[in-house]
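> Can you keep this structure in mind? I'll have questions shortly.
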Amino acid sequence: MSDIRIAGASVPFTKEAVEGYVLIVLNLHPETTEDHLYDVFEEYARVMNLHLNLDKLTGYAKGYALVEFKSIEDAFEVLETHKQKKIEVLGRTIDIDFAFVDKRLNNSYRGGSRGIESSQDRDASPTRRR
């Protein structure tokens, strides 16, 4: 494991990921296709693989996708671009984060938080306050 500097912070990462670096893309329009996503993300970095989950009954997108990049630098470039100017797909501003993150890492790209600092910051539910 080594470190890279992203936005002034030192971020540990493995040099080579076996399966690449995967970002989860949320808030997709139901009519989004894989071609729409390839067109958007190929502007910033080469996409190795993309999985758009579709509803079996309707055939529409379920609202999220997994986008895989070869290097962590490519994934960070997409995240940094999205931070500076929100990326849109079919007129909807999408949310992007790392799909798989070691929660022990203390950095700004925590994965899964979607703006929520921590569940520990909230009050316990009434049944757990005892």
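The values are calculated or read from the model by the stated rules, or taken from the named source; none is laboratory data. Everything numeric here is computed off the predicted structure, so don't read it as measured data. All Cβ positions, even for glycine, are placed from backbone atoms using ideal geometry, and neighbour counts span all protein chains on display.
> Could you grab the pairs with beta carbons closer than 8 Å, sequence gap of 6+ or different chains, first residue in segment 37-66 and under 21 Å from T81 (Cα atoms), second one assigned to a strand (DSSP E or B) and of a type in the set (F, W, Y)?
Final answer for the pair search is A45/F69; R46/F69; V47/F69; M48/F69.
> Which condition does A65 not pass, out of (1) loosely packed, with under 14 Cβ neighbours inside 10 Å; (2) at pLDDT 95 or above, if it passes all the others?
Only one criterion in (1) loosely packed, with under 14 Cβ neighbours inside 10 Å; (2) at pLDDT 95 or above is unmet by A65, namely (1).
> Another question about this same structure. Of everything in segment 73-104, what is free of Cβ contacts under 8 Å to residues at least 60 places away in the same chain, touching a strand residue (DSSP E or B) at 6+ places or on another chain (Cβ under 8 Å) and over 24 Å from A61 (Cα atoms)? Give them in sequence order.
D74
This table checks each residue for (1) surrounded by 14 or more Cβ atoms within 10 Å (Cβ to Cβ); (2) hydrophobic (A, V, I, L, M, F, W, C).
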site: H29; (1), (2): yes, no
site: N53; (1), (2): no, no
site: D74; (1), (2): yes, no
site: L90; (1), (2): yes, yes
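> Taking segment 1-54 on its own, how many of its residues are in contact with a Pro (Cβ under 8 Å, 6 or more places away or on another chain) and at pLDDT 95 or above?
Of the residues in that region, 0 qualify.
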